[in-house]
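What follows is one structure encoded as structure tokens, with my remarks underneath.
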Amino acid sequence: MAIYFFADKGSIYAIFRKQKAGRRIALTYYPGIQLNAEWNPDRQRFNPKTKELEELNKQILKIEVAFNSVIDTVDPFTIENKKLVELIEENMKDKPRVTPFFEYCDQFFEHASNQFTRRRSQQILTAINKIREYNPNLTFEQIDKRFYRDFTKFLRDKDFSINYIGSIIKNLKRILNYATDNDDNTNLVFKNFKKPSEEVYNIYLDEDEIECIYNLVINKKTILEFHKNRKDKKAVSEVARDTSQYLNQLSITRQISALDSARKLFVIGCWTGLRVENYLNIDPELHVDLSAGFIHAIANKNGPKLRIPVHKLVRQIVETDGFPKSLSQQKLNEHIKILGEMAKIDNTIIFTRTKGSRRVEYSKKKFEMITTHTARRSFASNLLCRGIPKQFIMAVTGHKTESSFNKYTAAVQKDIMTSKLADFDIWKGEKTVQKSSSEKQSGDVSL
């Protein structure tokens, strides 16, 4: 319906006219906008020569929208002008925007999930479920500093680790960034949310431990002995118990095949420095050149293709049996813990971690802490032990800064320092003869 704007006695007013059954009405609204020389009666707007005039035009448009909205919901032939004014002004009030967060999450997955790996998608779904558990009716507008403070406390009270909480905040920000980039979110408070994190102890396997796994002979005898030893133990760790139960459901033949593939794949990961998704997808015909002595592969998330020298153990695996059959990351994670236990990589690791708001001390057998990522960390750590320059190793691992590389190899760097510390005579209890201050100053000077 047409709303017109005219000038009258130095100010602008809006008017709605209609005729029906011989009856004619004219409803008016005076917003108090003063007339000036830039008013254009043909356009019914000010000439937008300044920001102030542009703002007045926006106000006129807002009045027009509100006026039409009121006329659409009431009978203009029965409403009094005084009531009309009240309804227009009520309609123009800024109403709080309410955008349901979880409804948007469905839209987010529909448009963005094809960009994520299966593991990343699962992490995002986990984050969404934790947020839903905290507030099932959350809106974008409620995600503010208070939300961040209360939500992270809610997670700490559940005794989640700092890094687990950090992962949830990271994925929440991923969703909010996507919504903001697509103009579906205007609340930018989340930009200041900090991702909680702490350094955790991550193991690496030294060269001897990797060779122990490489030298494992996986056959019917070793499988049966492994299960017998498990059964004979009085106490078995939770990880080992779950894995044993999983293995018992497989035939001996399938166990041998799966564990042997895992053994070879893990050793290849230890001596290429590739991410698990990369070394599980190597095409030997395209990527392995034994004659030249290189593997051609993408070594990091978005990096270029690199030539990685073929290690002796990798060469022996490929030359003897061909490139091993690939496994899922989940299966590989399960199998390499068993391989670590078979190889007797069972020294006790003691470490601390923040759980909720408390520092808690844990102890685990080393084989329980082996994961697919241990291979890549072992690669970097063992090359560092050999004295290979950091920048050479970083070219493969993809670390862009030395500080991030130092964090990644913190465990081996501490081992190197404590090993060198042991070389000093002080540990033998021998005392050194110290010179007096006068002797130090005089020295042996001949004139």
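Structure above, values below:
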{"quantity": "Net charge of neighbours whose Cβ lies under 13 Å from the Cβ of Ser328, counting Lys and Arg as +1 and Asp and Glu as -1", "calculated": "+2"}
{"quantity": "Summed residue charge, Cβ within 12 Å of Cys212's Cβ, Lys/Arg positive, Asp/Glu negative", "calculated": "-4"}
{"quantity": "Ranking of Tyr4, Tyr104, Tyr204 by count of other Cβ atoms within 10 Å, fewest first", "calculated": "Tyr4, Tyr104, Tyr204"}
{"quantity": "Value of relative contact order over the chain, rounded to a whole percent, pairs C-alpha under 8 Å and six or more apart", "calculated": "12"}
{"quantity": "23 Å Cα-Cα reach of Lys170 towards lysines, excluding residues that sit fewer than 8 places from it in its own chain", "calculated": "Lys130, Lys145, Lys153, Lys158, Lys191, Lys194, Lys195, Lys301, Lys355, Lys400, Lys407"}
{"quantity": "Within the range 1-31, trypsin sites (Lys or Arg not before Pro) in DSSP loop having at most 11 other beta-carbon neighbours inside 10 Å", "calculated": "Lys9"}
{"quantity": "Hz values of 3J(HN,Hα) by residue in the range 155-169 - Karplus curve (6.51, -1.76, 1.60), Gly and Pro given as x", "calculated": "6, 5, 5, 8, 6, 6, 6, 4, 6, 5, 4, x, 5, 5, 5"}
{"quantity": "Gyration tensor (alpha-carbon) shape descriptor, the range 207-420, a/c threshold 1.5", "calculated": "oblate"}
{"quantity": "Loop-located trypsin sites (Lys or Arg not before Pro) in the range 312-348 whose Cβ has at most 14 other Cβ within 10 Å (DSSP)", "calculated": "Lys325, Lys344"}
{"quantity": "The range 364-378-the range 12-83 distance, computed between alpha-carbon centres (Å)", "calculated": "72"}
{"quantity": "Trypsin sites (Lys or Arg not before Pro) within the range 43-90: DSSP coil, no more than 11 neighbouring Cβ in 10 Å", "calculated": "Arg43, Lys49"}
{"quantity": "Gyration tensor (alpha-carbon) shape descriptor, the range 101-192, a/c threshold 1.5", "calculated": "oblate"}
{"quantity": "Pair Leu53, Gln115: separation of 7 Å Cα→Cβ label points (nm)", "calculated": "4.2"}
{"quantity": "Exposed GluC sites (Glu not before Pro) absent - longest run of the chain, DSSP non-H/G/I/E/B, at most 15 other C-beta within 10 Å", "calculated": "200-429"}
{"quantity": "Global geometry of the range 4-92, whether rounded, prolate or oblate, following the gyration tensor of its Cα atoms and the 1.5 cut on a/c", "calculated": "prolate"}
{"quantity": "Charge context of Gly32, other residues only, Cβ under 13 angstrom, K/R +1, D/E -1", "calculated": "-1"}
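FYI, it's all coordinate maths here, none of it is from the lab. The structure displayed is predicted, hence computed values, not measured ones. Reconstructed Cβ throughout: ideal geometry from the backbone, glycine too, with neighbour counts over all protein chains shown.
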